[in-house]
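Down below is the structure, laid out as structure tokens.
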Amino acid sequence: MDTIEVTSAIPQSSDPVVLVIGKWDGFHKGHQQLVDKAKQLASYEERVSVLGFAGHSRPGCALSSYEDRIHAFKSAGADRYYHMNSSENQTIEEVIENSIRSLNIKRMIISEDFHWDETDMKHSEAVEEAGRKNDVPVTVLPSATIHGLTIQSSTIRTLISKGHMEAAQSMLGRPFEITGIVEKGEQLGRQLGFPTLNMGDIQDYVELRPGVYLGIVDLSDDSSYYTLVSAGYRPTVNGDSYKVEAYLLDFSGDLYGRQVTLKFFRHLRDEVNFEGLDALVEQMKMDELEARKILGITDTLEKEKSNMG
Ligand SMILES: Cc1cc2nc3c(=O)[nH]c(=O)nc-3n(C[C@H](O)[C@H](O)[C@H](O)COP(=O)(O)O)c2cc1C
Ligand SMILES: Nc1ncnc2c1ncn2[C@@H]1O[C@H](COP(=O)(O)OP(=O)(O)O)[C@@H](O)[C@H]1O
């Protein structure tokens, strides 16, 4: 898949394309349906191109990074991604007119609940109108729903900020995940018997409800480990900022500087301000027991050891 960074005008291209338009934060099930529809409607010679925009979600509130998006489009089978870097001061009408001038668009696809800005306007109608004026057919897909609820990035952000990870997962079609680089912390974790990798470079992602989560960590060498995650402010150790840390079960090794992806399955409990480190450690041990019970790995290691012996 090609990625084209658009700083001013979209570069001219005569390739026939089906253009899918969206904001794409999180690439949830509704987004997947849009790209699937484009693939279904594109004829053999037409390419599926995705148009997306930077700067439309508030910093620190995103479900996905730029790299996550590219990865999602690639997996979904898109041929090209146009990433518009400076569209904030344009109207959706201008964006569409410019795209039609630069590209050989055979069809446009958009969700009925596409919102260009914070207003309640149905901007899919503006895209339909631009299509009519320029003889480009427009397919407007009804919003995807679950349990009667519209699947929207803003709803998923709210679910995550309240710790409803299973509901978020049902809308995303996969667990919520963040990718970052392991950075150094105060190195207290190992003294407590619970080393925790600290996720760096995650400032763009939405903050989770402060608490302890069950998840999985994918390491950059393709191995994965179940993990307990602490996301929050660590009041017990007078933490001063939001941090995401992961204690990998049954793992030892040096992960500093490595890129890792953390997938969140379930919120286990809220963050507590313990009176001291002993109480924190006691609770961490209980968290680990609970995690092992949920995962069914209470005695896996013991069994493996006895098999080897
Ligand atoms: C399973 C688990 C549960 C945790 N629960 C809490 C908590 O309830 N309250 C809190 O202040 N910190 C909690 N933490 C964060 C610890 O305070 C933090 O991991 C510890 O200070 C070590 O930090 P370091 O990795 O920077 O050395 C938890 C961490 C883990 C791994
Ligand atoms: N089971 C494990 N889970 C997480 N990190 C581990 C584990 N075993 C070893 N480590 C290593 O230890 C580091 C975390 O130890 P910790 O004492 O909490 O230091 P820091 O405060 O710098 O994160 C991780 O970054 C990783 O390199």
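The values are calculated or read from the model by the stated rules, or taken from the named source; none is laboratory data. If you're wondering where the values come from, they're calculated on a predicted model, not measured in any experiment. In this analysis, Cβ positions are derived from the backbone assuming ideal geometry, glycine residues included, and neighbour counts consider all displayed protein chains.
Per the conditions (1) surrounded by fewer than 20 Cβ atoms within 10 Å (Cβ to Cβ); (2) part of a helix (DSSP H, G or I); (3) hydroxyl-bearing (S, T, Y); (4) touching a residue at least 12 places away in the same chain (Cβ under 8 Å), the sole criterion not satisfied by S99 is (1). Summed over the range 208-240, the residues that are of a type in the set (D, E) and away from ligand 2 (no atom under 14 Å from the Cβ) give a count of 2.
Only one entry of D270, D250, D254 meets the criterion of being modelled with pLDDT of 95 or more, assigned by TED's automatic domain parsing to the domain that holds Q203 and away from ligand 2 (no atom under 15 Å from the Cβ), and that entry is D270. Reported count of residues in the range 165-198, each being among the hydrophobic types (A, V, I, L, M, F, W, C) and more than 10 Å from ligand 2 (Cβ to nearest atom), is 8. The requirement of being at pLDDT 95 or above, in the same structural domain as K122 (by TED's automatic domain parsing) and surrounded by fewer than 12 Cβ atoms within 10 Å (Cβ to Cβ) is satisfied by Q40. Considering the range 220-230, and only residues there that are closer than 16 Å to P175 by Cα and touching a residue at least 40 places away in the same chain (Cβ under 8 Å), the residue that is surrounded by the most Cβ atoms within 10 Å (Cβ to Cβ) turns out to be L228. Considering the range 126-231, there are no qualifying strands (runs of 3 or more DSSP E) wholly inside with 2 or more residues that are over 13 Å from the mean Cα position of the chain (by Cα) and aromatic (F, W, Y). Figure legend. Inter-residue proximity from the range 167-193: first residues closer than 15 Å to D68 by Cβ and assigned by TED's automatic domain parsing to the domain that holds T261, second residues polar (S, T, N, Q) and within 16 Å of ligand 1 (Cβ to nearest atom), beta-carbon distance below 9 Å, spacing 6+ or different chains. Indicated pairs: G180/N198. Residue-level check: of (1) buried (at least 21 other Cβ atoms within 10 Å of the Cβ); (2) not assigned by TED's automatic domain parsing to the domain that holds L295, V244 misses just (2). Anything in the range 160-212 that is small (G, A, S), within 21 Å of M286 (Cα to Cα) and in contact with a Lys or Arg (Cβ under 9 Å, 6 or more places away or on another chain)? List them, or say none. Hits for the range 160-212 are G163, G193, G211.
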